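Here the structure is laid out as structure tokens; the discussion comes afterwards.
The values are calculated or read from the model by the stated rules, or taken from the named source; none is laboratory data. All of these numbers come straight from a predicted model, not from anything done at the bench. Heads up: the accessible areas ignore ligands, DNA and RNA and are worked out on the full protein's heavy atoms, side chains in. Shrake-Rupley method; radii C 1.70, N 1.55, O 1.52, S 1.80 Å.
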Amino acid sequence: MSYLVLARKYRPQCFEEVVSQEHVTRTLSHAITADRVAHALLFSGPRGTGKTTVARILAKALNCEKGPSPVPCNECASCIGITEGHAVDVFEIDGASNNGVEQVRELRENVKYLPARSRFKIYIIDEVHMLSLPAFNALLKTLEEPPSHVMFMFATTEPHKIPITILSRCQRHDFRRIDAESITAHLKTICRQEAMEPDEESLWLIAREAAGSMRDALSLLDQVMTCSQGVPEPGQISDILGVIDRKAIFDLSSAILERDAAAILRTIDDVYDRGLNLKKLYADLLTHFRNLLVAKLGRDVKRLVDLPGQELTALQQQAEAHTPVFLNQVFDMLYREEGSVRYTVQPRLVLEMMFLRLAQLQPALSIDVLIEKLDRLRKEMTGGVQKVSGPSGSAGPPPPESDPLSEGGGPQEAESRSRGRIDDSSDLHQFWEALLERIAADHPAFGASLKQAARLLRLGEKRVEIEIQGNGFSRALVQRRKNRGILRDVLQEALGRPVEVRIRAAEGAETAKVEKKNEIEQRKREALNHPLVADAVEIFDGKIVDVKLLQEVDK
């Protein structure tokens, strides 16, 4: 007799043996008891979760000689025939190879005849989504109003490909992906019956590789039993199945988090030398960082992370050493590069380049700390500039205590005070403002231009120096001979002595403007290159549109 693989040898024969699909088996059991089984059923869900198996069990339950009963006897001729696949009234059809309209027309002709031996004539169509559109259209009327002795059971992994006209005529049952814990428990039961006792870590490795499919898990267990002698170890199972060792995932993630470039390259080289799939390594690492982030958040970790207890503890210990912001930073970068890894023809080069870039990634600050530091940076970039305000709060120099041109002391007292405090800008400013008022009273146009374009630079015993700045029109107006004479006469009258008035253009005025502009640009570059700004861009995934200094905002 040929060898019977585990997936067939231990196929469930009643609803109670189906793993992790209680929501479906319970509903069907109640429907059989209440005699409310629909004439067309659709079983949808991931591969290897029991869709066709449940259809067979339901067929046995309906056609059992001791039924209909939710628990078939598995002893009568009908149950044995369905189990062995030769029942004359239960037809299992492969939708992929019988997807034409001719096969459906033949089915429509056959449903007219009564079952040969059983209570119902049952059609189980696997992968029904593979039927062509004309075949679906030919099935519509029969599916909606079949004879009372006919039942249809459809199984599919892609229900979205089935026309809505077919879906609306079926009672749909969605199968769930089987969790690793349930698969591990079932594998342990089977291993016990096969007189084999592998450790739980080995079974977890098989369950994780099965990705929610019990059939895949049994096939992998069959392969392990065939290739190993005695009790296999996790390392042997990894070699037999060609899967990434969990230790390699932990080593690689630790090297990335600790920014150890040499360890990253060694781990990738080890995986590559073993001939393992580097794209699968990347997918496992992406899942690992997702689990690290969930473990760091610390909410319902056991439910959200499908890992054995020992590995979950190691995951939580690894997550404790790093901030949630940094873990999310790494996870986000890995996720964004997933497409480039999936479609590359040089996965090793892409992985090395990306992981080395991750090793150079600096941990980002939390948002609260970042805002605090950005506020401090803003204050630093202002350079400590403050506005000078008088008692009334208005900008400008402090108000003078007296007017040298209106007090009883006269011009000589003003000249004496100016000579004594020649470097005191408040006295010069006071004197100059009073002088401008006297000129503006007699010559308004000249006074306005003088106020706009000139400033008192030096007030000496025999010489007064005035600097001209501003636009060209104002400078030309002040330097006219007539206006220069007016300015000299008013000065001599205010000072009470003859003085020489020297008027000169402001030296380096344009240069000062250029230097100020260069200074502003330099400060903007410093702000752009500041690490805090880089952290803010990284955290918020934004871009810098413009930089405004505080002085510019105030203006």
| query | So how far, in whole Å, is the C-alpha centre of segment 141-218 from the one of segment 1-58? | reply | 8 Å
| query | Short version: ³J(HN,Hα) in whole Hz for each residue of segment 130-135, in order, from phi by Karplus 6.51 cos²θ - 1.76 cosθ + 1.60 (θ = phi - 60°), x for Gly and Pro, what are they? | reply | 7, 5, 6, 4, x, 5
| field | log₁₀ of I(q)/I(0) at q = 0.21 Å⁻¹ - segment 90-163, Debye sum with one point per alpha carbon | value | -0.91
| task | Quick one: compute the contact order of segment 67-158, relative version, from alpha carbon pairs under 8 angstrom and 6+ residues apart, as a percent. | result | 31 percent
| task | Beyond 30 Å between alpha-carbons counts as too far, so tell me which of LYS66/LYS112; LYS51/LYS188; LYS9/LYS112; LYS9/LYS247; LYS161/LYS543; LYS9/LYS141 fall in that bin. | result | LYS9/LYS112; LYS9/LYS247; LYS161/LYS543; LYS9/LYS141
| query | From the Cα gyration tensor of segment 66-109, with a ≥ b ≥ c the square roots of its eigenvalues, which class applies: rounded if a/c is under 1.5, or else prolate if a/b is larger than b/c, or else oblate? | reply | prolate
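Beyond a 31 Å Cα-Cα separation, which of these cross-linked pairs lie in this structure: LYS296/LYS373; LYS279/LYS524; LYS462/LYS517?
LYS279/LYS524; LYS462/LYS517
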| task | Starting from the amide H of ARG458, placed 1.01 Å from N in the peptide plane, find each other amide H under 5 Å away whose residue is 5 or more places distant or on another chain. | result | GLU465
| note | Interchain or sequence-distant (5+) residues whose placed amide H lies within less than 5 Å of the amide H of ALA40 are PHE152, GLN171
| note | accessible surface per residue for segment 283-332, probe 1.4 Å, DNA/RNA/ligands not counted, whole Å² -> 52 Å²
| remark: With the 1.4 Å probe rolled over protein heavy atoms, segment 210-268 has an accessible area per residue in Å² of 43 Å²
| Gyration tensor verdict on segment 56-180 (Cα atoms; rounded if a/c is under 1.5, prolate if a/b is larger than b/c, oblate otherwise) | oblate
| Which whole-Hz ³J(HN,Hα) couplings does segment 50-57 yield from phi under the Karplus relation 6.51 cos²θ - 1.76 cosθ + 1.60, θ = phi - 60°, glycine and proline marked x? | x, 5, 5, 4, 5, 4, 5, 4
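Tell me, what is the per residue accessible area of segment 38-88 in Å², probe radius 1.4 Å?
Per-residue accessible area for segment 38-88 comes out at 35 Å².
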| request: First compute the accessible area of segment 51-92 with a 1.4 Å probe, then give the percent of it belonging to carbon and sulfur atoms. | output: 53 percent
| query | Accessible area, 1.4 Å probe, largest first: how do TYR123, TYR10, TYR113 sort? | reply | TYR113, TYR10, TYR123
| field | Integer Hz, Karplus 6.51/-1.76/1.60 couplings in order for segment 60-69, x for Gly and Pro | value | 5, 4, 7, 9, 4, 5, 9, x, x, 8
| query | Tell me, what % of the accessible area of segment 119-233 is carbon and sulfur with a 1.4 angstrom probe? | reply | 49 percent
| message | Which of rounded, prolate or oblate describes segment 1-123 when judged by the alpha-carbon gyration tensor and an a/c cut-off of 1.5? | response | rounded
| Euclidean distance between Cα centres, segment 267-312 to segment 443-504, Å | 81 Å
